[in-house]
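**Student:** Can you read through this structure? Questions will come right after.
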Amino acid sequence: MQTGTVESIYIASTAAGATHAVPLAEAIPGAGLAGDRYALKLGTFYKPEPDRELTLIEAEAVEALGRDYHVELAAGDARRNIVTRNVALNHLVGQEFAIGDVRIRGIRLCEPCNHLQRVTGKEVMKGLQHRGGLRAQILTQGTIHVGDEIRYGA
């Protein structure tokens with residue numbers, strides 16, 4: 001079993017609105033995080049599909065963007081719901097894992113897009129390619145907190 005942590009949680013109430021950090025968020029299967037644009041059916045790419053419920057990004061990827069590509073981006077500006085530490089998110093595609101007591105299934109990579117580049121006003125595409133995070137499905141309802149342990153692997 002491998003572990004990492006939830007470094008921060010972000011939600012935005014509108015499609016292009018600013019994200020804001022929250023200390024905890026209610027994870028709702030079939031919807032997303034309570035109060036977030038996708039749970040409210042207002043996300044830019046909203047579709048009633050499992051891969052729209054939750055997005056995650058590695059803190060290390062955001063840090064590498066600054067270090068390797070000289071693009072400074074605050075973690076919340078990546079527009080992903082959960083920022084992780086010490087979790088290889090790409091390896092979780094097709095896998096079930098836990099964030100605290102909430103069960104999650106990794107669906108597919110969350111590659112950077114033109115919308116993210118437009119909203120941030122920064123050249124993020126190259127630096128986040130294949131490191132833009134993970135789209136995931138919420139399998140069980142519960143509360144996710146900053147600092148929660150993320151458990152994955154055998």
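**Student:** Roughly what % antiparallel, to the nearest 5, for the DSSP beta bridges in region 1-122?
**Tutor:** Around 75 percent of the beta bridges assigned by DSSP in region 1-122 are antiparallel ones.
**Student:** Hey, any idea what Rg/Rh is for region 36-82, computing Rh the Kirkwood way over Cα pairs?
**Tutor:** Numbers: Rg = 12.9 Å, Rh = 11.9 Å.
My calculation of the ratio gives 1.08.
**Student:** While we're here: What number, rounded to the nearest 500 deg cm²/dmol, is the helix-based mean residue ellipticity at 222 nm of the chain, given -39500 (n - 2.57) per DSSP H run of at least four residues and division by all its residues?
**Tutor:** Working: 3 runs with 22 residues, N = 154.
After summing the helix terms and dividing by residue count, I get -3500 deg cm²/dmol.
**Student:** Rolling a 1.4 Å sphere over the protein heavy atoms, what is the accessible area per residue of the chain, to the nearest Å²?
**Tutor:** Values: 7230 Å² over 154 residues.
Ligands and nucleic acids excluded, the figure is 47 Å² per residue.
**Student:** Can I ask one more? Under Stokes-Einstein, with the Kirkwood radius over Cα pairs standing in for Rh, what whole-number D in µm²/s applies to region 15-55 at 10 °C and 1.306 mPa s? Mind showing how you got there, number by number?
**Tutor:** On the way: Rh = 10.4 Å.
The Stokes-Einstein estimate is 152 µm²/s.
**Student:** Less than 13 Å Cβ to Cβ from residue 6, Lys/Arg counted +1 and Asp/Glu -1: what total charge do the surrounding residues give?
**Tutor:** Working: positive: 80, 85, 151; negative: 7, 58, 101, 148, 149.
My count for the surroundings of residue 6 gives -2.
**Student:** Right, something else. Over the alpha-carbon set of region 61-114, divide Rg by the Kirkwood Rh and report the Rg/Rh ratio to two decimals. Intermediate values should be presented prior to the final figure.
**Tutor:** Working: Rg = 12.7 Å, Rh = 12.8 Å.
When Rh is taken as the Kirkwood radius, the ratio is 0.99.
**Student:** How large, in percent, is the carbon and sulfur part of the accessible surface of the chain at a probe radius of 1.4 Å? Please list the in-between numbers first.
**Tutor:** On the way: 3700 of 7230 Å².
Of the solvent-accessible surface of the chain, carbon and sulfur hold 51 percent.
**Student:** Could I ask something else about it? Compute the signed sum of charges (Lys and Arg +1, Asp and Glu -1) over the other residues within less than 14 Å, Cβ to Cβ, of residue 133. Let's see the in-between values first.
**Tutor:** Working: positive: 52, 79, 80, 85, 108, 131, 135; negative: 7, 51, 53, 58, 60, 63, 77, 111.
Counting the neighbours of residue 133, the net charge comes to -1.
**Student:** Amide H of residue 95 versus every other amide H placed in the peptide plane: which residues, excluding those fewer than 5 positions away on the same chain, fall under 5 Å?
**Tutor:** Distant-sequence amide H within range of residue 95: 106.
**Student:** Oh, and also: In terms of modelled amide H atoms, which long-range or inter-chain residues lie less than 5 Å from the amide H of residue 143?
**Tutor:** It is 27, by chain and number.
**Student:** Report the semi-axes of the equivalent ellipsoid for the chain in whole Å, largest first, where each axis is √(5λ) for an eigenvalue λ of the Cα gyration tensor.
**Tutor:** Working: eigenvalues 92, 67, 37 Å².
Equivalent ellipsoid of the chain: 21, 18, 14 Å, largest first.
**Student:** Kirkwood Rh over Cα pairs of region 1-76 into Stokes-Einstein at 37 °C, 0.692 mPa s: D in µm²/s? Please report the intermediate quantities before stating the final value.
**Tutor:** Values: Rh = 13.7 Å.
Here the translational diffusion coefficient equals 240 µm²/s.
The values are calculated or read from the model by the stated rules, or taken from the named source; none is laboratory data. In this text, all values refer to a predicted model and were calculated from it rather than measured experimentally. So basically every Cβ, Gly included, is an ideal-geometry build from the backbone, and we count neighbours across all protein chains shown. Each accessible area value is taken on the protein alone, full model and side chains, heavy atoms only, with ligands, DNA and RNA left out. Shrake-Rupley method; radii C 1.70, N 1.55, O 1.52, S 1.80 Å.
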